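Chemist: Please see the structure below; I have some questions.
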Amino acid sequence: MDSLADEADKLGGLVLPFALDITKPEQAHKTVEDVEKNIGPIALSILNAGTYRRCDVLDLTAKVFHDHMDLNFMGTINCLLPTLQHMRARNKGHIAVVSSLTAYRGIPFASAYGASKAALTNMCESLKPELGHIGIDLTIIHPGFVKTPLTDKNEFFMPFLVEVEDAARFIADGLERRQFEITFPRRFAFLLKLARFLPYSLYFSITRRLIKD
C-alpha cells in the first residue's frame, strides 16, 4: 500500500493507506471510524477485497468454503455495516461491492468462490431499493477475468482477459453514472447472462467440457 501511495503522490494524487484484516469486525469498524474522523465523511466506498482458490471436488474441505465466505462475503459485510451507519446519518453516500461474473451461474472448480460472490450479488439486489429509499446509492460490480497477480496464478484459459487499466476505466465510468450494475468485458458478461436462461441439461452439457479426465 505504501508503494501505491508513493505512486499516487508522484502523479499529484493522495492515497492514505489503512491496514486492516476485514475478517475481523472490530478492525473494520475502527478503520471506518478512523477514516471518518481523520479524513472526512466517506462519499464513496468500494468494497473490493477478495480471494479465489480453485476447488476440485476431490479435495473439497469445509475450510475452503469458510475461507471464501469469511473473506469475500462476511469481510464485505464487516466493512459495509459501519460505513452504512455513517451514510444513513447523512442520508447520502455511494457504496460499490465487487462481485464476479461467476455469480451469474455455477462454474466447475469455483464452487466456493462462486457461492461467495453470488451471495454478494443477491444481497445487493435486496438492499438496492431499501438504500435508495434513504438516499444511498449502491452499485454491484461483476468483472470477468482481470490480469492481476491473483489471476496470474491461474493455470486455465481465461477468456476475454482484461488489463487492469481497462477494468479501472469501466468501473470509474459506471460509478460516475451511478449505475446499479457494472459488468465487463461486455461480450463475456452477455454470454454468462444468457447462460442463466439455458435449461440445466443444455448448460451442463457445456460446462462438462471444462472438465478434463
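Chemist: Let me spell out the model: positive unit charges on the Cβ of Lys and Arg, negative unit charges on the Cβ of Asp and Glu, origin at the Cα centre of the stretch 42-210. What dipole size does that give, in debye rounded to 20?
Modeler: So the magnitude is around 360 debye.
Chemist: For the pairs K63/K117; K10/K30; K30/K63, flag any whose C-alpha to C-alpha distance is greater than 21 Å.
Modeler: K10/K30; K30/K63
Chemist: Another question about this same structure. Taking the Cα atoms of the stretch 42-210, report the difference between the largest and smallest coordinate on each principal axis, in whole Å and largest first.
Modeler: 51, 34, 34 Å, listed from the longest principal axis down.
Chemist: Let me have the 222 nm mean residue ellipticity of the chain computed from DSSP H runs of 4+ only, each contributing -39500 (n - 2.57), with the sum over all residues rounded to the nearest 500.
Modeler: Rounded to the nearest 500, it is -14500 deg cm²/dmol.
Chemist: What longest range of the chain stays clear of loop-exposed chymotrypsin sites (Phe, Trp or Tyr not before Pro) (DSSP non-H/G/I/E/B, at most 14 other C-beta within 10 angstrom)?
Modeler: 19-155
Chemist: Related question: Work out how much length R209 to F160 would gain on full extension: take 0.36 nm times their residue separation and subtract the Cα-Cα distance, in nm to one decimal.
Modeler: Extra length available between R209 and F160 comes to 15.8 nm.
Chemist: Okay, next question. To test your reading of the geometry: what angle, between 0 and 90 degrees and rounded to tens, separates the Cα axis of helix 164-176 from the longest principal axis of the chain?
Modeler: The angle comes out near 60 degrees.
Each value in this text was obtained by applying a stated rule to the coordinates, not by laboratory testing. This structure is a prediction, so every number in the text was calculated from the model and none was measured. In this analysis, Cβ positions are derived from the backbone assuming ideal geometry, glycine residues included, and neighbour counts consider all displayed protein chains.
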